[in-house]
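Read through the structure below, which is laid out as structure tokens, and then see the notes.
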Amino acid sequence: MVIQHHYLRCHNAIMRSTVRIDDDLMLELKQRARDESVSLTRMLNRTLRAGLFQAQQRGGGGAPFRQQSVAMGAPRLDIDKALALAARLEDEEVARELSLRK
């Protein structure tokens, strides 16, 4: 009974949460709250509602991104043995660096 009573009494309670807001955004929110003579909480809620409503109205932000592909032609190297190729290129680079130290 105590649990139900507690639930019935508190289910409409204001939810509190800790969020991290970038400094520039917080300064802007505080300035707007002062300009409109409202609390920071009210300004933050109003701004979040407006942003969420606007995003909902856009319906997902438009067409999805599509990457255009282009033909690169035939490979100039045999890529079937990619690890061997990578090792050979690394060995060549190490040899080049060693030759520059002389």
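So here's what we get for this one:
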read-out: Dipole magnitude (debye, nearest 20) for segment 57-100, charges at Cβ of Lys, Arg, Asp, Glu; value: 500
read-out: Least to most buried among Met72, Met15 (fewest other Cβ within 10 Å first); value: Met15, Met72
read-out: Positive dipole terminus of segment 47-102, leading residue within Phe65, Val94, Gln54 (C-beta point charges); value: Gln54
read-out: Cβ-based exposure ranking for Ile79, Ile21, in which fewest neighbours within 10 Å come first; value: Ile79, Ile21
read-out: Förster radius 41 Å - calculated FRET efficiency between Arg49 and Lys81 (Cβ-Cβ, nearest 0.05); value: 0.10
read-out: Potential extension, Leu100-Glu28 segment - 0.36 nm per residue separation minus Cα distance; value: 20.4 nm
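Rule-based calculations on the coordinates, nothing more; no lab input. Values in this document were obtained by computation on a predicted structure and should not be read as measured data. FYI the Cβ positions are ideal-geometry reconstructions off the backbone, even for glycines, and counts take in every protein chain you see.
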